[in-house]
Amino acid sequence: MNPRKRTVILISGRGSNMAALIDAADDSNFPAEIVGVISDKAEAAGLGLAASKGIATRVVSRGDFPNKEAHDAAIDATLREFGAEIVCLAGYMRLLTNGLVEKWQGRMINIHPALLPLLKGLDTHQRALDAGLRIHGCTVHFVTAAMDDGPIIAQSAVPVLIGDDEKTLSARVLGAEHALYPKALRLVAEGKARMEGGRTVFSDFEAPGHNGLVTSPGPSGDPVDLEALARFTP
Ligand code: GRF
């Protein structure tokens with residue numbers, strides 16, 4: 001087996017996606033190993049959660065640096081200290097400077113709670129409700145200089161049910177996020193999803209199909225694995 005890719009997660013808050021990645025990487029067959037968690041906020045709840053799972057944590061506080069460039073330089077130095085090969089943004093609530101993004105391009109991925117390129121930015125669940133969308137979801141993508149704009153690696157769709165409010169909808173999407181992010185990280189760590197020429201290039205699949213990276217809602221409202229459906233023979 002190839003050495004597992006040293007992966008660092010950047011957070012600012014709760015850290016539930018971080019926990020999903022740590023749990024997936026707990027399996028020694030998973031191609032990425034979570035070697036550290038960095039938060040830009042000392043009070044982030046995810047820090048305690050990571051520590052309770054035996055993962056090294058660092059706080060690189062915004063307020064300790066005179067400007068964004070200096071803060072991002074410290075983030076970069078901490079990533080290098082951890083020997084990071086892949087960086088996962090998981091609820092990291094600060095836009096990165098171009099300099100940092102360029103250094104990690106193709107090796108830095110993010111999860112966004114909407115089906116990009118729809119609903120970039122914040123408050124995606126309320127905006128999905130306000131727009132009357134019937135389908136919503138989440139996206140894992142490579143990070144580029146423009147916000148929520150990099151090449152898409154994987155998406156999961158969930159229905160917007162009649163009577164949903166922001167709370168119920170965000171909970172449904174969050175469940176999809178926790179299932180999707182480890183699958184996307186696996187692909188990147190295995191080198192099967194690579195960023196080339198501004199696009200995601202997929203390779204080396206054992207069988208053609210969606211490979212679990214695209215899901216859509218079933219009649220019950222739960223996400224359905226289209227890959228499993230494609231394999232289904234009555
Ligand atoms: C998630 O919805 C993620 O998609 C977005 O921020 C939220 C972070 O939640 N980028 P958590 O900290 O992973 O629980």
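Measure up K41/K167; K103/K192; K5/K53; K120/K183; K167/K192 against 27 Å on the Cα-Cα distance and list the ones that go over.
Pairs exceeding the cut-off: K167/K192.
Run the helix sum for the chain: -39,500 (n - 2.57) per DSSP H stretch of 4+ residues, divided by residue count, reported at 222 nm to the nearest 500 deg cm²/dmol. Walk me through the numbers on the way to the answer.
Numbers: 7 runs with 76 residues, N = 234.
Value at 222 nm, helices only: -10000 deg cm²/dmol.
With helices defined as uninterrupted DSSP H runs, which ones in the chain have an alpha carbon span along their own long axis of at least 18 Å and mean Kyte-Doolittle hydropathy of at least -1.0?
Values: long enough: 68-81 (19 Å, -0.77); 166-189 (33 Å, 0.19).
Taking the DSSP H segments of the chain (at least 18 Å long, mean hydropathy at least -1.0), we get 68-81, 166-189.
Could you state the number of Å between the C-alpha centres of the range 1-71 and the range 166-201?
17 Å
Amide H neighbours of S12 under 5 Å, counting only residues 5+ apart in sequence or on other chains, H built in-plane at 1.01 Å?
Amide H neighbours of S12, under 5 Å, 5+ apart: Y92, M93.
Working only with C-alpha atoms, what are the Rg and Dmax values of the chain, expressed in angstrom?
17.5, 63
Read-outs throughout are calculated quantities, based only on the coordinates presented, and are distinct from any laboratory measurement. All of these numbers come straight from a predicted model, not from anything done at the bench.
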